[in-house]
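Heads up: the structure comes next, in structure tokens.
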Amino acid sequence: MDDDKTPRLPRRMTRSSASSSASSSNIVAAVNPKPLTINDLLVGGHLISLDDIISSFPGRNSQILEIVRLLGPLNSPMLPLFVYGGSSTGKTSIILQLFRHLNRPIVYSSCRTCYNQSILFESILNQLLLHRKNASNGYSNAKRCERLSDFVNFLREALTKVINNLKEKSEKLISNKVTQGKIGNMIYLVFDNFQLVREWDKSSTILPLLFNLYDLLKMPEVGLIFISSTSPDTFYSNMGYVEPIPVYFPDYTEGDIRQILLRNQVNKKLYSSFLDVALKSFYGITKQVGDLSAALKPLYEKYCEPLSDKGKGVAPNENMKQRLLSHIKPYIASSLNEIFKVSSLSSTEVDTHKEEKRKGNPRRLEKSEEPGSLDFHMSTSAKYLLISAFLASRNPATLDASLFDSKGGCDNRKRKRKPSEKAQERKETLEQEILMKGPGTFPLERLLAIFQCLVSVAEEPSDDEEQISDGLGVEVGNGGLMSDVHLQLSSLCNANFIFKGRSCPIEGSNRYRTTISEDLALKVARSLKFPLSKYLYRILQEETAHGLSIQKTLKFMGLKHGRIGKSPVE
């Protein structure tokens, strides 16, 4: 179900036999492969019905029917399509299966494997010109594209040639009165992983060119399909072009993922009882089918350990379900941590650690069991990301530079010159207006910058602090806290800790907001032993106001700061 995988096209090279009894004809065919034909542009495999496609992709009935409607009947012109949605939502797989069902030729190019404009353009031209790179041609391309204008000219020539070949083939089929096997006169260009083009050099010129292909070519026999994991708003441009028709693929629901995971299971009733226990917890962390399948596979093996070979083939009763539940329960927490890629202890090590805590210092035990602890599971890196989002929503962006030094910590060594009272009052008024508006929004870049600063502080603990794992076995001092931040952010958004807004057409990026209470943020920070108050603007403002009141009193009394020591604001 991974939509980032390249499609399986028909084998275009004769496979030489590995055995010594291979005939000389096979060896010659391997050296001189059969020339490509227009049929090599079709998606390989036997024809598949539309009902089979709908049944293979649960929860995608409306998207499949919408794409079929937009593609239209045979030889129907179409406007460009923009298929978008999160990763592992079936975008690429459904597009390829639909063209397999419709039996229409496509030119598929993945912007992940074609990682720059030259490779992308040459890959498209090689497929259109039916050119295969091999030893006989020195593994060279059919055309070389140094400039964008060269690509447009070569593309128009290659498309004209392919369309003429398709028309000739259609006329032959009509003259022979053949009704099956028609592939039409349309040719479709499919650009997969299109969001990666934004990271290329000269992307500001490549993106408008690709979006303007519909107007530049002016060929009704050519269809354009863009597949992306980001919304069309992220490709905002001030150049006018025909906007592609968007088709959105939402994340799979829990019921959809349940059907997908049950599809290839031998004992569906036993696996269904396992999903009743584990799926809900994992679904709250990630909705990617590949990650869920990989995480649940070893857990399901643990779930089946108490069963004999004969018991694995029968439907479990209530007593068996309770026994299997009690057996699998200690392993769920460590499996949840593996999705976040946070190092964790095994269940036996957790039990040993708990026993050592009971026999250890009672003062330390009382200190660790302080009130206000979290009543839900969250990995260490997710906690730091949530704290970063809380600071980004509550603190003005102008204070980030003064709150964090170059090493990521709170800068207590250098202070700017103390501003005047009027300037301070104006600043307080402005910041109060910001606070009255509630939690603000912030871009992803600011969130990652704050997160990196906080993590750098967490990864350098003081000598007198001992890194103690929590009850679920998550180590606090982890060097891999920066790994898979985007996956953790998506999980926090799915759990409604962080809200993702629409992308800004000017900035071209999404903005986020967190509305968690300050009490919850303090609980999360307390579980990490993180001094959140040192970074929270409201508390710093109260301390500053308290320092100014002391200064006014001293000024009224005619005293100087030097007589009673440093001011709290210095």
**Asked** Filtering region 182-232 down to residues that are surrounded by fewer than 22 Cβ atoms within 10 Å (Cβ to Cβ) and among the acidic types (Asp, Glu), which residue is nearest to Tyr248 (Cα to Cα)?
**Response** Glu199
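Out of all the residues in region 72-89, is one or more of a type in the set (Ser, Thr, Tyr), assigned by TED's automatic domain parsing to the domain that holds Leu210 and farther than 27 Å from Ser491 by Cα? Even if it seems obvious, please write down each step before you answer.
Kept after step one, since they are of a type in the set (Ser, Thr, Tyr), are these residues of region 72-89: 76, 84, 87-89.
Subsequent filtering for residues that are assigned by TED's automatic domain parsing to the domain that holds Leu210 retains 76, 84, 87-89.
Now restrict to residues that are farther than 27 Å from Ser491 by Cα: 76.
Yes; the residues of region 72-89 include at least one that is of a type in the set (Ser, Thr, Tyr), assigned by TED's automatic domain parsing to the domain that holds Leu210 and farther than 27 Å from Ser491 by Cα.
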**Qualifying residues in region 249-284 (those that are surrounded by fewer than 15 Cβ atoms within 10 Å (Cβ to Cβ) and not in a helix (DSSP H, G or I)) - the one nearest to the chain's Cα centre (by Cα)** = Pro250
**Message:** Among the numbered criteria (1) surrounded by fewer than 14 Cβ atoms within 10 Å (Cβ to Cβ); (2) of a type outside the set (Ser, Thr, Tyr); (3) in contact with a Leu (Cβ under 6 Å, 6 or more places away or on another chain), which one does Asn153 miss?
**Reply:** (3)
**Complete:** Among (1) buried (at least 16 other Cβ atoms within 10 Å of the Cβ); (2) touching a Ser or Thr at 6+ places or on another chain (Cβ under 6 Å); (3) at pLDDT below 85, Thr14 falls short only on (2)
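Just one of Thr205, Thr230, Thr234 is modelled with pLDDT of 85 or more, touching a strand residue (DSSP E or B) at 6+ places or on another chain (Cβ under 9 Å) and assigned by TED's automatic domain parsing to the domain that holds Leu81; which is it? Steps first, answer last, please.
Numbers: Thr205 fails: touching a strand residue (DSSP E or B) at 6+ places or on another chain (Cβ under 9 Å); Thr234 fails: modelled with pLDDT of 85 or more.
Every option except Thr230 fails the conditions.
Quick one: would you say Thr92 is assigned by TED's automatic domain parsing to the domain that holds Asn193 and open to solvent by 10 Å² or more (accessible area, probe 1.4 Å)? Talk me through it step by step, then tell me what you get.
Numbers: assigned by TED's automatic domain parsing to the domain that holds Asn193: yes; open to solvent by 10 Å² or more (accessible area, probe 1.4 Å): no.
Here the answer is no, as Thr92 does not meet what is asked.
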**Asked** Restricting attention to region 123-145, which residues are small (Gly, Ala, Ser) and open to solvent by less than 40 Å² (accessible area, probe 1.4 Å)?
**Response** Ser123, Ala142
**Request:** Return the pairs, sorted by first residue and then second, in which the second residue is of a type in the set (Asp, Glu), the first residue lies in region 49-73 and is more than 20 Å from Lys182 (Cβ to Cβ), the beta carbons are less than 7 Å apart, and the residues are 6+ apart or on different chains.
**Result:** Pro58/Asp256; Gly59/Asp256
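The values are calculated or read from the model by the stated rules, or taken from the named source; none is laboratory data. If you're wondering where the values come from, they're calculated on a predicted model, not measured in any experiment. Using ideal geometry, Cβ is built from the backbone for each residue, glycine included, and neighbour counts are taken over all protein chains shown. Side chains are part of the model used for accessible areas, which takes the heavy atoms of the whole protein and leaves out ligands, DNA and RNA. Shrake-Rupley method; radii C 1.70, N 1.55, O 1.52, S 1.80 Å.
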